[in-house]
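Working notes for the structure below.
Derivation of every value follows stated rules applied to the coordinates shown; laboratory data play no part. Model, not experiment: these values are computed from the prediction. Positions of Cβ are generated from backbone atoms using ideal geometry, with glycine treated the same way; all protein chains shown enter the neighbour counts.
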Amino acid sequence: MERFAPRRLAVEGDRIGLQVGTLQKEIRKALVALDVTDAVVDEAIAAGVDLIIAHHAVIYRPLPAIDTSTPAGRIYEKLIKNDIAVYVAHTNLDTAEGGMNDWMADALGIESEGCLEEVHVDPLLKLVVYVPETHRRQVQEAVWRAGAGQIGEYDCCSFEVKGTGTFRPGEGTNPHIGTTGKLERVKEIRIETILPESLKGAVVQAMLKAHPYEEPAYDLFPLKLQGKASGLGRFGRLKEPATLEAFARHVKEAFDVPFVRVVGDPDRVVRRAAVLGGSGARYMRHALRAGADVFVTGDIDYHTAHDALAAGLAIVDPGHNAEKIMKAKTAERLAKDLAAAGYLTEVIPSAVPTEPFRLM
């Protein structure tokens, strides 16, 4: 889960990670849920689940006590008695590439051009390593497989310079080339490539494993180039322009919600849209700066709706529960990754509805 939605992508202070139970046990079956409600816990118990992966925290505010006579206390009691752990991926799942906000944008036909607010920028590093000519390709391919050498839509990017390396093996060494105590001069290749800082450990380990020397010479330099940005929300052009009314109906259908609230002229044609899962009222200005005609987000309040109307921004509010799109998508992604790694853990999406509102 953390390879898919790394913890570093979460908004500072967000309640993510393990919240109930332990991860130091065998996980045979996991349930993906939007909310951890009493009904969801009953579903997990009936299904024989060992772990719930939730989007919304089951413990959000500090607990003065665990009183099992309260609704929240009963949930914690059932989880612990049935040895069900709860792990939360919230804003890190929102911002992750191929995560919540990308799923929502894809569902609405938004050709994403970027995020509404940056949360994390992965700094870029340059790796420089000196390799004997005989092992140039072996080392290059190893660091590329580990994620180095990616520039935009191009991969396997590097630069090479031929030169001569000198070294003298000391006592107790076992050199790949040369003799202990004797100065050696070897034809070598200086290989330069680029990598995100988040992959530094994996790339360096791959390079060391592929390199023939006991003590490879290499350097890592920080770069001032902008790294890859991850953030909340997505914006871009709609694949098909539509009237606000038609688009709102599409939102309702795409997110399978009982109703949507709409701000703006229903006959207005919208061509650019922004979307942000959850409560997005404070990102209205971000949507305007992105050139959106319509902003899709939940929990819009009365005054924000008036501000949007005055600014010429249409709004479609499908509610917070629209984020339930993450249940099937996360379960599918985890099941695929686990199977590829050779694990037999089963991952299922919760079938319990957690929408609290009804339209009368």
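Quick notes on this structure:
- Total charge dipole magnitude, the range 124-250, about the Cα centre, Cβ charges on Lys, Arg, Asp, Glu only, Debye to nearest 20: 220
- Positive-end extreme of charge dipole, the chain - chosen from His90, Gly181, Val263 (charges on Cβ): Gly181
- Result for the chain in a Gaussian network model with C-alpha springs under 10 Å: among Leu125, Leu223, Leu34, the largest mean-square fluctuation is at Leu223.
- Comparing Phe247, Phe259, Phe167 in a Gaussian network model of the chain (Cα springs below 10 Å), the most mobile by mean-square fluctuation is Phe167.
- DSSP loop trypsin sites (Lys or Arg not before Pro) with at most 13 other Cβ within 10 Å: longest gap in the chain: 29-181
- Sorted from longest to shortest, the spans of the Cα atoms of the chain along the three principal axes equal 88, 53, 35 Å.
- Relative contact order computed over the range 54-149 (Cα-Cα under 8 Å; 6+ residues apart), in percent: 20
- Here the range 1-69 is treated as a Stokes sphere of Kirkwood radius computed over C-alpha pairs; at 37 °C and 0.692 mPa s its diffusion coefficient rounds to 240 µm²/s.
- Across q = 0.09, 0.24, 0.25 Å⁻¹, the range 124-226 modelled as identical point scatterers on its alpha-carbon atoms has Debye log10 I(q)/I(0) values of -0.24, -1.27, -1.34, in the order of the q list.
- Taking every alpha-carbon pair under 8 Å whose residues sit at least 6 apart, the chain reaches a relative contact order of 20 percent.
- Helices in the chain, meaning DSSP H runs of at least 4 residues, each add -39500 (n - 2.57). Divided by all residues, the mean residue ellipticity at 222 nm is -8000 deg cm²/dmol.
- Positive-end residue, the range 124-226 charge dipole about Cα centroid, Cβ charges, pick of Gln205, Thr164, Trp144: Thr164
- Top of Asn92, Asn174, Asn82 by mean-square fluctuation, Gaussian network on the chain, Cα under 10 Å: Asn174
- Near Lys162, once Lys and Arg are set to +1 and Asp and Glu to -1 for all other residues with Cβ below 12 Å from its Cβ, the sum equals 0.
- Counting only the Cα atoms, the range 1-149 fills a convex hull of 192 Å³ per residue.
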